[in-house]
Each structure stands twice: as C-alpha cells, then as structure tokens.
Amino acid sequence: MSSRAIVLAAGMGTRMKSALPKVLHPLCGRPMLWYTLRALRDAGVDEMLVVTNPQVDVAIAPLAQDFSARTVMQDPQRGTGHAVQVGLAALVPSAGTIVIAYGDMPLVTPAIFENVLADVDADAGTVLALVTARMPLPSGFGRIVRPSTGSGRSGVAKIVEARDCTPAELAIDEMNAGIYAFDEPNLRAVIDKLSDNNAQRELYLTDTVELLIEAGRRVVPVVADDYRAVLGVNDRVELANARAVLNRTLCEAHMRAGVTIIDPATTYLEPDLVIGQDVTVHPNTTLGGTTTVGAGSEIGPNTRLHGATVGVNCAIRESVVVDSRIGDDVGVGPFAHIRGGSIVEDHVHIGNFVELKKTTMHANAKAGHLAYLGDGIIGERANIGAGTIFCNYDGKKKNTTTIGADAFIGSNSSLVAPITIGAGALTGAGTVAIRDIAPGERVVGNPGRPLPATSS
Ligand code: UD1
Ligand code: MG
C-alpha cells in the first residue's frame, strides 16, 4: 500500500548553538536529515514532505530534492503539532496512513518505519502507532504514560514532555522516539484541536494521543529493540554520541561481510562504501564518498580515501587519495597524496612524499620518493627519480608533462611543461629540461632550447 510522510525540520535547533541548521549537521559524511529521508524511502514511503522555515529552506530544499521530496515552510515555528498542521495543509487529503518523523533522528532504520506502518489498522480502531523505547535515563525526551488499568494496558494513554512531567512521570523509563504512523483522516480530525497550554507554549504533536483516545480510538506503542536506534539529536554532545553509534554500525556491517577492521573506534566510515573481502583497514583511517576498495587490499594506518577506487591487493599506507583511481597490486605511501582525477594503473609503486595531481601513471611505473607530478602522463615502466618536479604552472595556466614508456628521470629533474620526454629517454640527476627530449635521447644539466635559426 502506498504511504506518505511528513518530516519535521523547521525547528531552530537552538541547542546546537550553530549558524548551520541542526538537521544539516553531518555525521559519517551525510547531513542528519539525509538518514531520516533515506530510511523512509527504503521503507517504501513514496511521497515525502519536509517542513522547513524561511531561514533554512534554501539549504534544506536541495537535499529534499535528492529524495524527490517537496518542502513547505512553517513560519513562525509554534511546535511539532503546528509543523504537522502546516504539512497537512500542503497535502491533498488522502485516506491512507501517513508517517510523521523528526529530522533529527539519524540512527533510524527502515524496519522501524515498516513496523509502525504495519501496526495502524483504522478499521479496527487503531489509528496511531508510535515508536517508544525503554532507556535508562530518558532525560529530555517525552515520557510514555501507559493506561493504569483495564484492557487498554498494552496501549498508550498519553505522552508528557519532560518539562511538563510530574516527578513520578519523570521516573518513567519509556520515552517517545518521535516516529508516528497515523491514519490520516483521524489525524486531520484532531490536529486543529491542539492547545499551547504547556511549559513551552507550543502546539505539541504528542497531545494528539490524548485527543484520539478521547475520541474513542486506539493508540499502540511499537517498542524499539534498541533505544540507541531512535535517539533524537539536540546538541553537539548527542551528535557525537550518535556518530559513534552509527560508525560502529557501519563498521560491524563491513566486518560481518568479510572486512578486517583492526580498530573500529578509530576507523571512520560513511554509508554506501564498497569494501571487498579480506580487506584490512588499519587504525586512524577515514573512508568516504563513493570509495571502493578491492579484495585483499590493506588500507592505513593514518589514511584517508575519499571518492577513491582502489583495486585488489593494494597497500595504501599513511596516505591520502581523493577523487582518483588506483589499479591492482599498487603500493602507495607512506605519506603520498593522490588527487584531482589521477589514474594509477596496475603494479605501480608510489612512495614517500609523492604528490600526484590529475596525473596518469601507466602500469609498472615507479615514483619512489619526494616528487610533485601534476598534470602528467607517465608511460609504462618509467622511473621517476627522487626530487622530480613537473613544473606544470607557468603563472597563467597548467601545462602537461608527457613521459614515454621506459624513460628514466634522474633525481632532482625539473621538467618544465608543456614538455614531452620520449620513450626510453634519460635525464641525468639535476636536469632542468625546458624542451622536449627525443625518444632514447640522454641529457644532463640544462639541455637548453634548440638554437633559433640565424638571419644572416
Ligand atoms: C520531541 C518530542 C518528544 C520526543 C523527542 C524525540 C514533541 C512535543 N516532543 O521533543 O516527545 O521524546 O522529540 O526526539 O513533539 N520542529 C519543527 N517545527 C517546530 C518545532 C520543531 O519542524 O515548530 C522539528 C524540529 O526541527 C525537529 C523536530 O521537529 O526536527 C523535533 O523538535 P525538537 O525541538 O527536537 O523536539 P524535542 O524537544 O526533541
Ligand atoms: Mg529533538
């Protein structure tokens, strides 16, 4: 059955003390709100509406669009119940089930949404299913009050916000996660009856529970297996806690799929990575963007891969690889930096303190030590000596250095681009080449410019 969702993201997130809207604060490489939207989409919700405000809408709308979701602005922000009023007003009424979720729950899973959706049964009088969790210290979360007697004991009587709780209510260890599936006509029937008679002078969505029960409907709790999966994030301490839980979850999924992670606590992963079997990730390593690592490779320690495609059986040690492609059986590092769309083919060796920018190294080429190789094309089996610089920038534009197969570039060679070094050519140590070197030619020192033709 098709279903839709309203995601609330209009709160100012004042507890973050930030110029950035709360739901855009990232964890594990994605904004908080991304996780809620993705979980909803993966749960089969086909229409999503995000409630924003005029200050944050420009920043949030593009993210919503990535999930084909519209935004609607709530101004002023008069509470979660008011946000839902604004959301419902922007949707054509429908007879189905509607999910309401908050944009500050990055650990939520599709299964949690599937469970609440499955528990609504308007024909049987169950018009609201909401996620609760038992947790040791629910501190600022709303408390779930169960009916004290009778057959309704398995249901929910009301939700009381922490700031409105009596001491006895504060002691309740069951919290409101902020994930709801409503029968939409029943939600519409009560949403305009909310009042702001509470500590925060806001319209609370949570007060719909009592209104529905007064109308003779049933509200059922869906108790989450693990409270950590439904924690809302309100400040940066909670953000760091959520990041640690999420990172651990990502690490565990890869470990269970055959990846060795020496120290999950210092391995920083993002969603949607592809890591092959028997890859070993060493400590202090960050893998992000659309990174792929082939089977049997060793990554780290102290390494960052972002937007990197790494082949099989590579070893990337203490290095940074950004937006670049590495073939099979390649050794990189320690202390190498490969970036800007570089392509490193099979069996290449890149050693200490070598920087590659937008450079292709063909198979079996080597650059063992201390080199800047920018805007270059390096032929098969070419050897780049220590201290080689591709002088790619003439002060105005970047120029290309092309090196043929089997060329030998001596230590401390400066190759002033644009320049072509022929196949099998050799530059001696300390060469400053300002003209092309022919295939097989051997030069040393400054081979100079070809002399201009004399006029006499
Ligand atoms: C809310 C719940 C609380 C629950 C907790 C779970 C209410 C009244 N309280 O409290 O029971 O335990 O979440 O994390 O619902 N928002 C708007 N417009 C507004 C106000 C808020 O869109 O006018 C959005 C916020 O951007 C946020 C979400 O609604 O994404 C929740 O608001 P927040 O202020 O974080 O509520 P909590 O105090 O956490
Ligand atoms: Mg919150």
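The values are calculated or read from the model by the stated rules, or taken from the named source; none is laboratory data. Predicted model, so just to flag it, every value in this text is computed and none were measured. Neighbour counts are summed over all protein chains in view; Cβ atoms, including those assigned to glycine, are modelled from backbone coordinates with ideal geometry.
For this structure, a couple of remarks:
- Complete set of residues in the range 97-126 that are of a type in the set (G, A, S), more than 16 Å from ligand 1 (Cβ to nearest atom) and surrounded by 15 or more Cβ atoms within 10 Å (Cβ to Cβ): A122
- Test result for E210, within 30 Å of K193 (Cα to Cα), away from ligand 2 (no atom under 16 Å from the Cβ), at pLDDT 95 or above and of a type in the set (D, E, K, R): yes
- Answer from A199, A181, A189, A215 - the residue that is touching a Lys or Arg at 6+ places or on another chain (Cβ under 6 Å), more than 19 Å from M135 (Cβ to Cβ) and not β-branched (V, I, T): A199
- Number of the exception - V330 against (1) within 16 Å of ligand 1 (Cβ to nearest atom); (2) touching a His at 6+ places or on another chain (Cβ under 8 Å): (1)
- Residue within the range 182-196 that is within 16 Å of ligand 2 (Cβ to nearest atom) and either at pLDDT below 95 or not basic (K, R) (or both) present: no
- Test: residue in the range 242-258 that is at negative phi, in contact (Cβ under 8 Å) with a residue 24 or more places away in the chain and charged (D, E, K, R): yes
- Residue in the range 125-133 that is of a type in the set (V, I, T), touching a Pro at 6+ places or on another chain (Cβ under 8 Å) and within 16 Å of ligand 2 (Cβ to nearest atom) present: yes
- Exactly one residue out of R217, R248, R236, R228 is modelled with pLDDT under 95 and in contact with a helix residue (DSSP H, G or I) (Cβ under 7 Å, 6 or more places away or on another chain), and it is R228.
- When the range 222-237 is filtered for residues that are buried (at least 18 other Cβ atoms within 10 Å of the Cβ), part of a helix (DSSP H, G or I) and not β-branched (V, I, T), the ones remaining, listed by number, are Y227, A229.
- With respect to the conditions (1) more than 20 Å from H337 (Cβ to Cβ); (2) surrounded by 15 or more Cβ atoms within 10 Å (Cβ to Cβ), D394 lacks only one, and its number is (2).
- Cβ-Cβ distances below 9 Å connect the following pairs, each with a first residue in the range 34-63 that is farther than 17 Å from A90 by Cβ and touching a residue at least 24 places away in the same chain (Cβ under 8 Å), a second residue that is among the polar types (S, T, N, Q) and in a loop (DSSP other than H, G, I, E, B), and a separation of six or more residues or different chains: A39/T109; R41/S68; D42/T109; A43/S3; A43/T109; G44/S2; G44/S3.
- The range 410-422 residues that are among the aromatic types (F, W, Y), paired with ones that are surrounded by 18 or more Cβ atoms within 10 Å (Cβ to Cβ) and modelled with pLDDT under 95 (beta carbon under 9 Å, 6 or more apart): none
- Members of the range 373-421 that are over 39 Å from the mean Cα position of the chain (by Cα) and polar (S, T, N, Q): S411, N412, S413, S414, T420
- Any hit, the range 45-53, residues being under 21 Å from E161 (Cβ atoms), touching a Phe, Trp or Tyr at 6+ places or on another chain (Cβ under 6 Å), surrounded by 23 or more Cβ atoms within 10 Å (Cβ to Cβ) and modelled with pLDDT of 95 or more: no
- If you go through the range 65-83 and pick out every residue that is in contact with a Ser or Thr (Cβ under 8 Å, 6 or more places away or on another chain) and within 15 Å of ligand 2 (Cβ to nearest atom), you end up with 2.
Yes or no, residue by residue, for (1) in contact with a Lys or Arg (Cβ under 9 Å, 6 or more places away or on another chain); (2) under 19 Å from P110 (Cβ atoms):
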{"position": "S2", "(1), (2)": "no, yes"}
{"position": "L24", "(1), (2)": "no, no"}
{"position": "M32", "(1), (2)": "yes, yes"}
{"position": "V45", "(1), (2)": "yes, yes"}
{"position": "I60", "(1), (2)": "no, no"}
{"position": "H82", "(1), (2)": "no, no"}
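- Across the range 1-16, the number of residues qualifying as more than 14 Å from ligand 1 (Cβ to nearest atom) and either surrounded by fewer than 20 Cβ atoms within 10 Å (Cβ to Cβ) or not small (G, A, S) (or both) comes to 3.
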